[in-house]
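Input: a single structure, listed below in C-alpha coordinates.
The values are calculated or read from the model by the stated rules, or taken from the named source; none is laboratory data. The model shown is predicted, which means the values in this text are computed figures rather than measured ones. Please note that ligands, DNA and RNA were not included when accessible areas were found on the heavy atoms of the full protein model with its side chains. Shrake-Rupley method; radii C 1.70, N 1.55, O 1.52, S 1.80 Å.
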Amino acid sequence: MENGRVYNETTEPEAKEPRRRPLGCTLERLWGWRLPAKVVQTIFSFVAVVCEEIVDDCSYCGGLYFFEFISCSAFLLSLLILCVYCTDLYESLGKEKVQKL
(Lines give C-alpha, C1' and ligand atoms only; values in the text may rest on other atoms or scores of the structure.)
Protein backbone atom coordinates (compact mmCIF):
# COMPACT_ATOMS: atom_id res chain seq x y z
CA MET A 1 0.00 0.00 0.00
CA GLU A 2 3.02 2.24 -0.32
CA ASN A 3 1.86 3.60 -3.65
CA GLY A 4 -1.84 3.81 -2.69
CA ARG A 5 -2.91 0.82 -4.70
CA VAL A 6 -4.98 -1.70 -2.83
CA TYR A 7 -4.95 -4.53 -5.35
CA ASN A 8 -2.19 -5.85 -7.58
CA GLU A 9 -2.91 -6.55 -11.20
CA THR A 10 -3.98 -10.09 -11.82
CA THR A 11 -1.68 -12.49 -13.56
CA GLU A 12 -4.53 -14.17 -15.42
CA PRO A 13 -6.06 -12.48 -18.43
CA GLU A 14 -9.75 -11.73 -18.22
CA ALA A 15 -11.80 -14.53 -19.70
CA LYS A 16 -14.03 -13.49 -22.53
CA GLU A 17 -17.67 -14.47 -22.29
CA PRO A 18 -18.61 -17.10 -24.84
CA ARG A 19 -20.44 -15.73 -27.82
CA ARG A 20 -24.13 -16.53 -27.59
CA ARG A 21 -26.27 -17.37 -30.55
CA PRO A 22 -29.61 -15.62 -30.96
CA LEU A 23 -32.12 -17.26 -28.60
CA GLY A 24 -29.46 -19.83 -27.79
CA CYS A 25 -30.19 -21.81 -30.97
CA THR A 26 -27.93 -24.74 -31.72
CA LEU A 27 -28.25 -27.81 -33.90
CA GLU A 28 -25.54 -29.94 -32.28
CA ARG A 29 -27.98 -32.22 -30.42
CA LEU A 30 -30.32 -32.85 -33.37
CA TRP A 31 -28.03 -33.70 -36.25
CA GLY A 32 -28.25 -36.00 -39.20
CA TRP A 33 -31.70 -37.37 -39.97
CA ARG A 34 -33.17 -36.50 -36.53
CA LEU A 35 -33.69 -32.78 -37.18
CA PRO A 36 -35.52 -33.16 -40.51
CA ALA A 37 -37.61 -35.97 -39.00
CA LYS A 38 -38.72 -33.79 -36.06
CA VAL A 39 -39.46 -30.83 -38.35
CA VAL A 40 -41.55 -33.03 -40.67
CA GLN A 41 -43.35 -34.51 -37.67
CA THR A 42 -44.17 -31.04 -36.38
CA ILE A 43 -45.43 -29.89 -39.79
CA PHE A 44 -47.61 -32.99 -40.29
CA SER A 45 -49.14 -32.70 -36.84
CA PHE A 46 -49.89 -29.02 -37.46
CA VAL A 47 -51.52 -29.89 -40.80
CA ALA A 48 -53.62 -32.50 -38.96
CA VAL A 49 -54.81 -29.86 -36.48
CA VAL A 50 -55.71 -27.50 -39.33
CA CYS A 51 -57.55 -30.24 -41.24
CA GLU A 52 -59.52 -31.15 -38.14
CA GLU A 53 -60.55 -27.53 -37.63
CA ILE A 54 -61.88 -27.33 -41.20
CA VAL A 55 -64.67 -29.81 -40.41
CA ASP A 56 -67.85 -27.78 -39.77
CA ASP A 57 -70.28 -30.42 -38.58
CA CYS A 58 -70.34 -34.16 -38.07
CA SER A 59 -72.86 -36.85 -37.15
CA TYR A 60 -70.75 -38.87 -34.74
CA CYS A 61 -68.08 -36.55 -33.38
CA GLY A 62 -66.38 -38.87 -30.88
CA GLY A 63 -63.70 -39.93 -33.35
CA LEU A 64 -63.17 -36.38 -34.52
CA TYR A 65 -62.67 -35.15 -30.95
CA PHE A 66 -60.20 -37.98 -30.31
CA PHE A 67 -58.32 -37.10 -33.49
CA GLU A 68 -58.28 -33.45 -32.41
CA PHE A 69 -56.80 -34.37 -29.04
CA ILE A 70 -54.14 -36.64 -30.53
CA SER A 71 -53.10 -34.26 -33.32
CA CYS A 72 -52.95 -31.23 -31.02
CA SER A 73 -50.96 -33.19 -28.42
CA ALA A 74 -48.55 -34.43 -31.08
CA PHE A 75 -48.04 -30.90 -32.38
CA LEU A 76 -47.38 -29.40 -28.97
CA LEU A 77 -45.06 -32.19 -27.84
CA SER A 78 -43.02 -32.20 -31.05
CA LEU A 79 -42.73 -28.41 -30.80
CA LEU A 80 -41.57 -28.78 -27.20
CA ILE A 81 -38.95 -31.35 -28.23
CA LEU A 82 -37.63 -29.02 -30.93
CA CYS A 83 -37.45 -26.12 -28.48
CA VAL A 84 -35.65 -28.15 -25.81
CA TYR A 85 -33.10 -29.81 -28.09
CA CYS A 86 -32.39 -26.75 -30.27
CA THR A 87 -31.95 -24.12 -27.53
CA ASP A 88 -29.93 -23.64 -24.36
CA LEU A 89 -32.83 -25.07 -22.38
CA TYR A 90 -31.19 -28.51 -22.75
CA GLU A 91 -28.17 -27.40 -20.71
CA SER A 92 -30.34 -25.49 -18.26
CA LEU A 93 -32.46 -28.53 -17.43
CA GLY A 94 -29.68 -31.08 -17.59
CA LYS A 95 -29.40 -34.26 -19.62
CA GLU A 96 -30.96 -36.50 -16.93
CA LYS A 97 -34.08 -34.33 -16.56
CA VAL A 98 -34.54 -34.08 -20.31
CA GLN A 99 -34.36 -37.85 -20.67
CA LYS A 100 -36.93 -38.25 -17.88
CA LEU A 101 -39.17 -35.70 -19.56
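Points to keep in mind about this one:
- Our Cα-only numbers for region 30-99 put the radius of gyration and Dmax at 15.4, 49 Å.
- Solvent-accessible ranking of Tyr85, Tyr60, Tyr65, largest area first, probe 1.4 Å: Tyr60, Tyr65, Tyr85
- In plain terms, the chain from Phe44 to Arg29 could stretch by 3.2 nm, reckoned as 0.36 nm per residue minus the Cα-Cα distance.
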